[in-house]
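Here is the structure we will look at, set down as structure tokens.
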Amino acid sequence: MLLAEAGYPNGFEMTLITPEAQKLEAQVMRRMYERIGLRVNLEVFPWPVWLRKVLTLSEKYAQEKNWDVSVCYNNDSFGHSGAAHLTWPFLDSSGIRWIEYDPVYEKMWKDMARTVDEKAQDEKMRQMEQYLYDRVYAIYIYSPMNLYAVNKEVNFVQQKSQMLRLKETSVTDNHWSVRLK
């Protein structure tokens, strides 16, 4: 219905690209797009090939771009902030900005980055995500934190960051590594 209102009663064709590591997520996205009436050409590339397609910055490349949507992951090594996904394709200083320069977004970023209070910063990031969502600059698909298999004798402390840091993790007296024989 929305596609018809936008002048595409029969949908349209689009090309979705992804590195091999995100093939499953891209297949799910393809099915979601197809359910609303789009015809999706999914192209899966080895990491270096995909990277060249999305990180080339020349004006000439922008005119030759042959894809519509790219799937990729963004590892948040900042912990609580989640700010990593708000940086790279949007900020002028990132070096890989994918959209027209947006001074409003740039100002929002600088304001958020100067905010020390964690809850206030989280709210500003939520507003930035809404701003991007309203302009359809990005489609965020959140995956859960990395999952780990842990022996029941390990007191595993999950981290906010995806980096596996074990300094707070300990083992019980019954763990094989410390159990008396």
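The figures follow:
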item: Residue match in the stretch 61-69 (condition: among the small types (Gly, Ala, Ser), outside any helix (DSSP H, G or I) and at pLDDT below 70); result: no
item: The stretch 11-21, residues that are closer than 11 Å to residue 69 by Cα and within 19 Å of the chain's Cα centre (by Cα); result: 15, 16, 17, 18
item: Selection within the stretch 1-30 - of a type in the set (Ser, Thr, Tyr) and closer than 17 Å to residue 53 by Cβ; result: 15, 18
item: Residue match in the stretch 134-157 (condition: outside any loop (DSSP other than H, G, I, E, B), under 24 Å from the mean Cα position of the chain (by Cα) and either at pLDDT 70 or above or of a type in the set (D, E, K, R) (or both)); result: yes
item: Counted residues, the stretch 1-60 - those being free of Cβ contacts under 8 Å to residues at least 12 places away in the same chain and either in contact with a Cys (Cβ under 8 Å, 6 or more places away or on another chain) or polar (S, T, N, Q) (or both); result: 2
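For every residue, the table says whether it meets (1) under 21 Å from residue 65 (Cα atoms); (2) at pLDDT 95 or above; (3) in a helix (DSSP H, G or I).
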| residue | (1), (2), (3) |
| --- | --- |
| 9 | no, no, no |
| 23 | yes, no, yes |
| 26 | yes, no, yes |
| 32 | no, no, yes |
| 37 | no, no, no |
| 44 | yes, yes, no |
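The values are calculated or read from the model by the stated rules, or taken from the named source; none is laboratory data. All values reported here derive from a predicted model rather than from experimental measurement. Note that we place each Cβ from the backbone using ideal geometry, even for glycine, and neighbour counts take in every protein chain shown.
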